[in-house]
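Each remark here refers to the structure printed beneath this line.
Any read-out appearing in this document is the output of simple, stated calculations on the displayed coordinates, not a laboratory observation. What you see is a predicted model, and the numbers here were worked out from it, not measured in a lab. Please note: Cβ atoms are built from the backbone with ideal geometry, for glycine as well, and neighbour counts cover all protein chains shown.
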Amino acid sequence: MNKTIALPYPEQAADSSLGKTAGLTLIGFGLLGLLVAAFGSGVIDPVLTGLGGITALTIGGLIYIWQRRTELSEAHQNNGAWTESATSRGAIAWVVGIVLTGFYILLYWFPDSLQGLTRAMEPLSQWLRNRPADQWFLYGTFYTLAVLVMGVHALLKYRNNRYHIIRTLSVMFFQLGFAFLLPALLLYLNQPEFYFSYFWPLKYDYLFPGTVSYLVQNGQALGVFMIFWGAVLSFLATPVLTYFYGKRWYCSWVCGCGGLAETAGDPYRHLSDKRRVAWRWEVAIIYPILGFIIITTLLLWINSWSEGRLLGELSGGFSSTYGFFIGAIFSGVIGVGFYPIMGNRVWCRFGCPMAAYLGLLQKHFSRFRITTNGGQCISCGNCSTYCEMGIDVRGYAQQGQPIIRASCVGCGICAHVCPRGVLKLENGPREGRYAASPLIKREDLNLLS
């Protein structure tokens, strides 16, 4: 006996399927082009296959994302987060994690293996920077495209929320403008490469004496401005902005690491470890890393002042150690490569010295908090599930307590997924900042009186 399945909107489903098929087809051709550029550069021009592959991959990704996100209503955007293999630590997630981790290993320690892809970037590098392409330009291009393409994904996913639309556009703007185009323009004008959206302690070497002298000698007046910019942003603007807005002004609106986490990493935000033991590891790791970079910076300046007589090679060893273990392994290999397994904020949560610095300011000297209306909480757990920093938001909401945590990046997703409007991001006065909202207890009610 033949069985038929009736679809409620067959034409719409057919159009959606056709669009997805077209997008996936272009993605397949794009990946093929990148593979040929990487391994077949001796036979076929890598510029043609590489740039063609990137173009096909980008267009196909945008088509697929558009079809996938627009066919779901605003209320159903997180459907399948715990059931699809790609977002629930399934086989696809492990494959993606291995590919990302392997790419970072090749990028840092075996860059010659990426020569085909690097050569594919040559026309773009010459046009933007007037410089030959290298593995870091290749990485910057991939990184920026990931933020832009997956930024469209975030815009469609959170299209009913003005805050998230503006926040996503902000990280896309800063990554494209301040972290990709502006540094390239500086090189094109024979000026030192400088990233104005990064500063100490995240860009830890920007206040090192060697970097300062290099900028002054090669950038002259512009180099002095770069040093001034980095110092002012690190020690003056950061405390002031954090006082008024919390660490979200940087971690969720400006930072390139946070930008990648909020766009390319958004499908994995629910994978963050919510256990208390994870919070203990967080505290035990991130603050010593901040202390290490502070000590390293001080030692380098002391050694520079003494012309190397006091510490010799010790301060340089500190710098090299930090660059290898934290700058490369932690922020790159683990921080991004482990997105599909450990969530999208592994680096921000456990390793970023800037997050530690901002977190201390936010917890003790800021006006920012997330207030809760505990009387409206139905304990659904959406807020805790989608907190990328592993905070048990529901526990605070159930007790009506404000969320004032050093780790909170103010992304606002917890408030977005709450079905009852229990959570609210506020920059109110510090007076009463820690006060809980009043809860009506059962013993307070006397219906017979």
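Which of Thr168, Thr49 comes first, and how do the rest follow, when ranked by fewest Cβ neighbours within 10 Å? Each step should come with its number before you reach the end.
Working: Thr168 27, Thr49 23.
Lowest count first: Thr49, Thr168.
I need the fraction of alpha carbon pairs in segment 196-334 separated by more than 23 Å, rounded to a whole percent.
Counting every Cα pair in segment 196-334, those more than 23 Å apart make up 46 percent.
In which sequence would Ile391, Ile92, Ile166, Ile413 go, from the one with the fewest C-beta neighbours within 10 Å to the one with the most?
Values: Ile391 22, Ile92 14, Ile166 10, Ile413 26.
Going from sparsest to densest Cβ surroundings: Ile166, Ile92, Ile391, Ile413.
Name the shape class, rounded, prolate or oblate, that the alpha-carbon gyration tensor gives for segment 369-444, where a ≥ b ≥ c are the square roots of its eigenvalues, rounded holds for a/c under 1.5, and otherwise prolate holds if a/b is larger than b/c and oblate otherwise.
Details: a/c = 1.91, a/b = 1.16, b/c = 1.65.
Note, shape of segment 369-444 comes out oblate.
Say we join alpha carbon atoms closer than 10 Å with springs in a Gaussian network model of the chain; which of Ile329, Ile44, Ile65 then has the biggest fluctuation?
Top of the fluctuation ranking is Ile44.
Per residue of the chain, what 222 nm ellipticity follows from adding -39500 (n - 2.57) for every DSSP H run with n ≥ 4, rounded to the nearest 500?
Numbers: 20 runs with 251 residues, N = 449.
Calculated at 222 nm, the ellipticity per residue is -17500 deg cm²/dmol.
Under 1.5 on a/c is rounded, so check that first for the chain, then, if it is not, pick prolate when a/b is larger than b/c and oblate when it is not; a ≥ b ≥ c are the square roots of the alpha carbon gyration tensor eigenvalues. Working shown, then result.
Working: a/c = 2.07, a/b = 1.10, b/c = 1.88.
Verdict is oblate for the chain.
Which entries of Lys20/Lys247; Lys20/Lys424; Lys20/Lys274; Lys157/Lys424; Lys157/Lys274; Lys203/Lys424 show an alpha-carbon separation above 29 angstrom in the structure shown? Spell out each step's value before the answer.
Numbers: Lys20/Lys247 38 Å; Lys20/Lys424 36 Å; Lys20/Lys274 34 Å; Lys157/Lys424 20 Å; Lys157/Lys274 24 Å; Lys203/Lys424 32 Å.
Pairs exceeding 29 Å: Lys20/Lys247; Lys20/Lys424; Lys20/Lys274; Lys203/Lys424.
Mind giving me the nanometre distance, one decimal, between the label points for Arg420 and Ala237, set 7 Å out from Cα along Cα→Cβ?
Those two pseudo-labels are separated by 4.1 nm.
Taking neighbour Cβ counts within 10 Å as the exposure measure, how do Val254, Val283 sort from fewest upward?
On the way: Val254 21, Val283 13.
The order, fewest Cβ neighbours first, is Val283, Val254.
Mind running the shape call on segment 121-366? Use the C-alpha gyration tensor, a ≥ b ≥ c as the square roots of the eigenvalues: rounded below 1.5 for a/c, prolate if a/b tops b/c, oblate otherwise.
Values: a/c = 1.62, a/b = 1.16, b/c = 1.39.
Verdict is oblate for segment 121-366.
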